[in-house]
């Protein structure tokens, strides 16, 4: 069992490192929220490795996005993973009335990486802290239920 950790981070690289560290802890479920995921390490080798390893462990990954454009055009590594693990990696777009302006990663309802605004250079990494992670997990699960699928893993054609 991990010891609880609560530490601030500053900067884009520290955010990316926190995301990879928490993805490495995933055993059951990953919930991610961001307006476009452009600052996340999903298109980088280390982020793709962490996500691939989580999916290989049978982790269910769910992403909520306001605008999927960046993921569709700039995140080739993520799109490849999304297609390969279509049953366990899902992406949904938030409805217009539900705009959550933050960057949040919740893993197994006990680990949390959060920037209160996607443009913020500061945030918090919380490991083995269910009391901090669960309210965010509940909020993201409710938003998931109101969201719609986007960027299908397969392309249907005639």
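No value in this document is a laboratory result; all are computed from the given coordinates. This structure is a prediction, so every number in the text was calculated from the model and none was measured.
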Task: Entry for Rg and Dmax of the Cα atoms in Å (calculated from the structure that is shown) out of (1) 14.6, 40; (2) 30.1, 108; (3) 14.5, 54 - done: (3)
Task: the stretch 55-138: relative contact order as a whole-number percent, Cα under 8 Å and 6+ apart - done: 22
Open item on the list: Tell me the mean residue ellipticity at 222 nm calculated for the chain from its helices only (DSSP H runs of n ≥ 4, each -39500 (n - 2.57), averaged over every residue, nearest 500).
Closed with: -11000 deg cm²/dmol
Task: Degrees separating the helix 45-56 axis from the principal Cα axis of the chain, which is the longest one - done: 80
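What is the extension gain from residue 149 to residue 38, computed as 0.36 nm multiplied by their sequence separation minus the C-alpha to C-alpha distance, in nm to one decimal? Walk me through the intermediate numbers first.
Working: separation 111, 0.36 × 111 = 39.96 nm, distance 1.91 nm.
Roughly 38.1 nm would be gained on extension.
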Open item on the list: For the stretch 1-50 and the stretch 119-152, what is the centre-to-centre distance using only Cα atoms, to the nearest Å?
Closed with: 12
- [ ] Working from Cα positions, state the angle (0 to 90°, nearest 10) between the long axis of helix 12-23 and the longest principal axis of the chain.
- [x] 90
TODO: Have a look at 52, 73, 122 and tell me which one the Gaussian network model of the chain (Cα, springs below 10 Å) gives the largest fluctuation.
DONE: 73
Open item on the list: Nearest 10 degrees is fine. How inclined is helix 130-146 to the longest principal axis of the chain, computing both from alpha carbons?
Closed with: 20
Task: Potential extension, residue 7-residue 99 segment - 0.36 nm per residue separation minus Cα distance - done: 30.4 nm
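How much length is gained on full extension from residue 119 to residue 21, taking 0.36 nm per residue of separation minus their Cα-Cα distance? Display every interim value, and only then the final one.
Numbers: separation 98, 0.36 × 98 = 35.28 nm, distance 2.07 nm.
Additional length available on full extension: 33.2 nm.
Averaging sequence separations of C-alpha pairs under 8 Å and six or more residues apart, then dividing by the length of the stretch 1-90, give the relative contact order as a whole percent.
Numbers: 105 pairs, mean separation 27.2, N = 90.
This gives 30 percent for the stretch 1-90.
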